[in-house]
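Any read-out appearing in this document is the output of simple, stated calculations on the displayed coordinates, not a laboratory observation. What you see is a predicted model, and the numbers here were worked out from it, not measured in a lab. All Cβ positions, glycine included, derive from the backbone under ideal geometry; neighbour counts span all protein chains shown.
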Amino acid sequence: MAADPYATLGVSRGASEKDIKSAYRKLAKELHPDRNKDNPRAAERFSDVTRAYDLLSDKDKRAQFDRGEIDADGNPMGFGFGAGGPGAGFGGRGGGQGGFGGGFDNFDAEGIDLGDLFGGIFGGRGGGQGAGMGGGFGGGRGRAAPRGANVQYRLGVSLADAATRAPQRVTLADGKTIDLKLPAGVEDGTQMRLAGKGEPGPGGPGDALVTIHLEPHPFFKRDGDNIRLDLPVSLDEAVNGAKVKVPTVEGAVMLTIAPGSSSGRTLRLKGKGFTRRDGTRGDQLVTLEIVLPEGDEDLARRLEGWRDGRPLRARLGV
């Protein structure tokens, strides 16, 4: 049986969701296999803290654990109905008429679906005749054995990779690596489920739940499906026009600046933004930012005596 999840994360039973998440993030960062390639014990602890967080971050599971209904692995606790010994309780090793005074035939006759009645206790997927805990409830309908715990992962993804849906290499708790394909329309907080990549269990492995965190970029900014970029240009490029190299999430491209362009003018690069759910792409919006040279005496001499007489601030009422 796994250790107490509260002790594993180092938090009290009354800890808030925020405290639990903070404790998990700190431990996961410290113990992640990528940072502890030569320390198998760290990988084991990483798996333990992930399993603990998976349970405590689920409000229903946490409440069940606090009430003693499930153990730290998420498996149901024994309830001890009926007499002890083989075949007793919920369809024991004998699989016979144990517990509840010799079987459930009377309940079935009354039309009660035992699978529904006890499904909330045992969880898992519906089984056929004899399925479930130790061969079924005295031959009646049962539930499959519980699956292993889900494992939570937090994956940092660059803005450029998210926009282009570049494959992401993920190292799982067991040390195996996979290439994860990002979904179209990925956003910060998007969660991806990898079926069967969680902890092993009697009813099969659980899943891996990967939460995407989009990392900030030094000069790109996301605007819906578009990407914004402030582009510095010189005075002569703005006045005379120019072809300049502009970075995009897929590499640099050439952009034409028309003569007489002002600061704040926005140019559009089609299809250089984020991939939408329908497979189309947003755009990159490039805003020109004229940067004047500091202390350029030659420029000052050239402009000496020249004044721009346009009422540029008239629309502001001044």
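What share of the DSSP beta bridges in the stretch 146-216 is antiparallel, in percent to the nearest 5?
If I count the DSSP bridges inside the stretch 146-216, around 50 percent turn out antiparallel.
I need the phi-derived Karplus couplings for the stretch 156-164: 6.51 cos²θ - 1.76 cosθ + 1.60, θ = phi - 60°, integer Hz, Gly and Pro marked x.
x, 10, 5, 4, 5, 5, 5, 5, 9
At 0.36 nm per residue, minus the direct Cα-Cα distance, what do ARG307 and GLU215 gain on full extension? Give it in nm, one decimal, please.
Full extension from ARG307 to GLU215 adds 28.5 nm.
For a footprinting-style exposure proxy, rank THR275, THR177, THR164 by other Cβ within 10 Å, fewest first.
In increasing order of surrounding Cβ atoms, one gets THR177, THR164, THR275.
Explain nothing, just the number: dipole magnitude of the stretch 221-297 about its Cα centre with +1 on each Lys and Arg Cβ and -1 on each Asp and Glu Cβ, in debye rounded to the nearest 20.
680 debye
Pulled fully out, how much extra length does the chain show between ALA195 and LYS29, if you take 0.36 nm times their separation in residues and subtract their Cα-Cα distance?
57.4 nm
Given H placed 1.01 Å from N in the peptide plane, which residues other than close sequence neighbours of ARG154 have an amide H under 5 Å from its amide H?
Amide H to amide H, under 5 Å and 5 or more residues apart or across chains, ARG154 pairs with THR211.
Which lysines have a Cα less than 18 Å from the Cα of LYS61, not counting those fewer than 8 places away in the same chain?
Partners within reach: LYS18, LYS21.
Pull up the cross-link candidates among the aspartates and glutamates for LYS59, meaning alpha carbon to alpha carbon under 13 Å and not fewer than 8 places away within one chain.
GLU17
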